[in-house]
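Please find one structure pasted underneath; my questions will follow.
Nothing in this text is a laboratory measurement; each read-out follows from the coordinates by a stated rule. All values reported here derive from a predicted model rather than from experimental measurement. Note that we place each Cβ from the backbone using ideal geometry, even for glycine, and neighbour counts take in every protein chain shown.
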């Protein structure tokens, strides 16, 4: 039995390129008023393989192989940008994405409040 490792890794890489991105997990970036919101994800992966061959006492040859892979994808928050300001809004572990959406109005309020306190340049 022959293992084509390069071919296998190529297929796994292609799969990850199509599946491990924010669009397939939480959606595309979006506009919220003057804010541009970009989802952020965390990707983890692991690979393992093994094989062996041998000859039994009666002279019969045997061989075997196995391989496995796993991938985890988790939304962790959003980058919110407006002009030259950028903020990260974390999606809490206990509340998921709902927590991120709950924080957006507070973020907008804080930025508007900060802007109103800044002196106006003449």
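At q = 0.16, 0.20, 0.27 Å⁻¹, work out log10 I(q)/I(0) for region 8-91 with the Debye formula, treating every Cα as an identical point scatterer and leaving solvent out; two decimals please.
-0.76, -0.94, -1.24
So if each residue of separation counts as 0.36 nm, and I subtract the Cα-Cα distance between residue 55 and residue 6, what length gain in nm does that give?
Extra length available between residue 55 and residue 6 comes to 14.8 nm.
How high is the FRET efficiency from residue 69 to residue 106, r the C-beta distance, R0 30 Å, rounded to 0.05? Present the calculation step by step, with values, prior to reporting the outcome.
On the way: r = 40 Å, r/R0 = 1.33.
For residue 69 and residue 106, the calculated efficiency is 0.15.
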